[in-house]
Amino acid sequence: MERKQKESDEQPGIYHHYRLTMPKLTAEKLQAELAKQKVAPVYLLTGEDLFRKQEVIKQIRNILQPDDFNFYSSSADKADIGEVLALANTSPVFCNARLVVLTDIEKLRKDPKAALLKYVSDPLSTTTLILTHNDAKKMKTEKALAESCGAAGCVVDYGELKQAELNIWVKNRLSARGLTGDFDAVDLLCQTVGSELAALENEIEKLYLYTAQRENKKISKEDVLACIGFSKEENPFELSNAILACNKNKAIKLVDKLLDDGEEPVAILAKMTYPIEKMARIKRMSEGGMAAGDIVRAAGLFPWESRLITAARNFPGQKQFLAAMNKMIDADAGFKSGAISDPKLTLKGILLTLFR
């Protein structure tokens, strides 16, 4: 089907609603399109990075500026698809555009999904429909959905940012606030906070406020640690992050360092226990076939922690987890009673048991 450009004649300059074929875009390409006020009639946002998806939805809403009568948002499992599509097929009232957002569409059953595909094949030009699909594994089988959305508008994947991409993301967010950061400062921020974008955004905002009265807007490592609440010598969260990343060697080195720096063994054990239990719980639910969105809710994760669902695939299996858990229980009792004479051997033994 040929797609034609349509510009708003009622209020020129507010936005340009393009009926273009943009099958699959990168996140950067989509940002370039939105910067030009170009909005497609259909968006399919895939991947497990919920934070960046929400950012895009906000951007599109700011471009279209629909009032409350012309804006609708719901999770697919709570919506009546017939009513949603009827709304999408209705021209906006006293406004140039209607925006309909349907999240978690991986939960749709066969008939509602067929109805959605039918609408996507010929969307109303004055409606922008945004769909989010949060299950990367299931998305691989959704070829018809991806092709239809690509033909009507565009498909953009928001997977977990890798280390280099994460650093670039942080630099861009700093720049947007008039700040700059050298490599060491940005890298420390990413290592300390992790790849949780909402948490990083919060720390960047703190850095902005921290330097508000300062002429020099270049962020240093000391600035990062001061804002997070640690001294220059401390490196918080590293042990937890190493376990979440299944990095055995780094975790063992950090246990040595923390003990040598005088941290109590029982406190280190607590830092190890939480991420180990969290990853085991996520892995069990993922292997049980639960969708990413359901795992986030059931495991009590923050939205930005959806990245851990992918990481959990590399986490050790149940047998190793249970063996490590038994050692952690024994270690906790031993540390509190004073019965353990070699904390290093005990703590590193837990990691070796888990990651053997």
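The values are calculated or read from the model by the stated rules, or taken from the named source; none is laboratory data. What you are looking at is a predicted structure, and each value in this text was computed from that prediction instead of being measured. Heads up, the Cβs are rebuilt from the backbone with ideal geometry, glycines too, and the neighbour counts pull from every protein chain shown. We work out accessible area using only protein heavy atoms, side chains counted, and drop any ligands, DNA or RNA first. Shrake-Rupley method; radii C 1.70, N 1.55, O 1.52, S 1.80 Å.
Below, the figures for the structure above:
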{"quantity": "Backbone HN-Hα couplings from phi across segment 256-261 [Karplus 6.51/-1.76/1.60, Hz, Gly and Pro as x]", "calculated": "4, 5, 4, 5, 5, 7"}
{"quantity": "³J(HN,Hα) computed for each position of segment 210-225 - Karplus, 6.51 cos²θ - 1.76 cosθ + 1.60, integer Hz, glycine/proline x", "calculated": "5, 9, 4, 9, 9, 5, 7, 9, 8, 7, 10, 4, 5, 4, 4, 5"}
{"quantity": "Placed amide H near THR46: partners under 5 Å, 5+ positions off or other chain", "calculated": "HIS133, VAL156, ASP157, TYR158"}
{"quantity": "Cut-off under 5 Å, modelled amide H: who pairs with SER75 long-range", "calculated": "THR103"}
{"quantity": "Interchain or long-range residues, amide H under 5 Å from LYS218's placed H", "calculated": "THR180"}
{"quantity": "Candidates per chymotrypsin sites (Phe, Trp or Tyr not before Pro) in segment 69-117, loop by DSSP, up to 13 other Cβ within 10 Å", "calculated": "PHE94"}
{"quantity": "Accessible area expressed per residue, the chain, with surrounding protein chains retained (probe 1.4 Å, Å²)", "calculated": "50 Å²"}
{"quantity": "Theoretical gain in end-to-end length, SER220 to LYS110 [0.36 nm per residue, Cα-Cα removed]", "calculated": "34.3 nm"}
{"quantity": "For segment 174-189, 3J(HN,Hα) per residue [Karplus equation, 6.51 cos²θ - 1.76 cosθ + 1.60, θ = phi - 60°, Hz, x = Gly/Pro]", "calculated": "5, 4, 5, 9, x, 10, 10, x, 6, 4, 4, 5, 5, 5, 5, 4"}
{"quantity": "Fluctuation leader among ILE282, ILE130, ILE168 - the chain, Gaussian network, Cα springs under 10 angstrom", "calculated": "ILE168"}
{"quantity": "Portion, in percent, of the accessible area of the chain that falls on carbon or sulfur, probe 1.4 Å", "calculated": "52 percent"}
{"quantity": "Rounded FRET efficiency, nearest 0.05, which uses the C-beta distance separating LYS29 from LYS253 and R0 of 41 Å", "calculated": "0.55"}
{"quantity": "Structure-derived Cα extents along the principal axes in Å - corresponding label in (i) 68, 44, 43; (ii) 78, 55, 29; (iii) 68, 67, 42", "calculated": "(ii)"}
{"quantity": "Choice from LEU259, LEU45, LEU85 showing the highest fluctuation, given a GNM over the chain with Cα pairs closer than 10 Å", "calculated": "LEU259"}
{"quantity": "Inter-part distance where segment 256-288 and segment 48-108 are each reduced to a Cα centre, Å", "calculated": "40 Å"}
{"quantity": "Highest-MSF residue in the chain out of ALA270, ALA76, ALA311 [GNM, Cα springs under 10 Å]", "calculated": "ALA270"}
{"quantity": "Candidate aspartates and glutamates - alpha carbon under 20 Å from LYS140, same-chain residues fewer than 8 apart omitted", "calculated": "GLU48, ASP49, ASP104, GLU106, ASP111, ASP157, GLU160, GLU287, ASP294"}
{"quantity": "Per-residue SASA entry for SER341, accessible area with 1.4 Å probe, Å² rounded to 10", "calculated": "120 Å²"}
{"quantity": "Cα-based helix-to-principal-axis angle, 318-337 vs the chain, degrees rounded to 10", "calculated": "50 degrees"}
{"quantity": "Protein-only accessible surface order, largest first, of ASP80, ASP182 at 1.4 Å", "calculated": "ASP80, ASP182"}
{"quantity": "Most to least accessible of ARG98, ARG61, ARG356, ARG173 (protein chains only, probe 1.4 Å)", "calculated": "ARG356, ARG61, ARG173, ARG98"}
